[in-house]
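First up is the structure itself, then whatever we jot down about it.
The values are calculated or read from the model by the stated rules, or taken from the named source; none is laboratory data. Computed from a predicted structure; not experimentally measured. Positions of Cβ are generated from backbone atoms using ideal geometry, with glycine treated the same way; all protein chains shown enter the neighbour counts. Remember, those area values only see protein heavy atoms, side chains included, never the ligands or the DNA or RNA. Shrake-Rupley method; radii C 1.70, N 1.55, O 1.52, S 1.80 Å.
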Amino acid sequence: MPRFLILYRSTAEAGEQMASATPEQAQEGMQMWMKWAEKAGPALVDMGSPLGGSRIVGGSGQSGTPIGGFSVLEADSGDAVAALLTDHPHLHAPGAAIEVLEYLPMPGM
């Protein structure tokens, strides 16, 4: 079954959001994520993690809105993944977007 890397993008850094949240807000946020994880069920291969401290190595630039976290999903198609991401809790973050990338098979592996 195809796997998909889910990138959570936001104009607000994940570390700043977590540091500024009250304990009640943090608990409510985790409840929203756990409810989504339950909805995703076995399609959720890896819940992932918040990310911070981005660093570009090589090249000459950075693209788009910063990545604040990731997850890995398995589904029959990109459309099936999009359905799993409907009303995802990340979409409540400031300037939020979710990017979906399909894992491609490695030739010879």
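Would you be so kind as to identify which of His92, Met106, Met34 lies farthest towards the positive end of the dipole of the chain, taking Lys and Arg as +1 and Asp and Glu as -1 on Cβ and the Cα centre as origin?
Looking along the dipole axis, the top candidate is Met106.
So if I place +1 on the C-beta of Lys and Arg and -1 on the C-beta of Asp and Glu, and nothing else carries charge, what would the dipole magnitude of the chain be about its Cα centre? I want it in debye, nearest 20.
It works out to roughly 220 debye.
Taking just the alpha carbons, could you work out the radius of gyration and Dmax for the stretch 1-95, both in angstroms?
14.4, 42
Just the accessible area per residue of the chain, please: how many Å² with a 1.4 Å probe?
Solvent-accessible surface per residue comes out at 68 Å².
Round to the nearest 10 and report in Å² the accessible area of Met47, as given by a 1.4 Å probe over the protein chains' heavy atoms.
In the full protein context, Met47 sits at about 60 Å².
Find out how many positive minus negative residues lie around Pro2, taking Lys and Arg as positive, Asp and Glu as negative, among other residues whose Cβ is under 13 Å from that of Pro2.
Values: positive: Arg3; negative: Glu74, Asp76, Asp79, Glu102.
Summing Lys and Arg as +1 and Asp and Glu as -1 gives -3.
What's log10 of I(q)/I(0) for the stretch 1-56 at q = 0.20, 0.29 Å⁻¹, Debye sum over Cα points only, no solvent?
One equal scatterer on each Cα of the stretch 1-56 leads to -0.93, -1.28.
Using a 1.4 angstrom probe on the protein heavy atoms only, line up Ile6, Ile98, Ile56, Ile67 by accessible area, largest first.
Largest accessible area first, the residues go Ile56, Ile67, Ile98, Ile6.
Counting each DSSP H run of 4 or more residues in the chain as -39500 (n - 2.57), what helix-only mean residue ellipticity at 222 nm follows after dividing by all residues, to the nearest 500 deg cm²/dmol?
Only helices count here, giving -9000 deg cm²/dmol.
What is the gain in length, in nm to one decimal, between Glu16 and Val45 on full extension, counting 0.36 nm per residue of separation less the C-alpha to C-alpha distance?
Full-extension gain reported as 7.8 nm.
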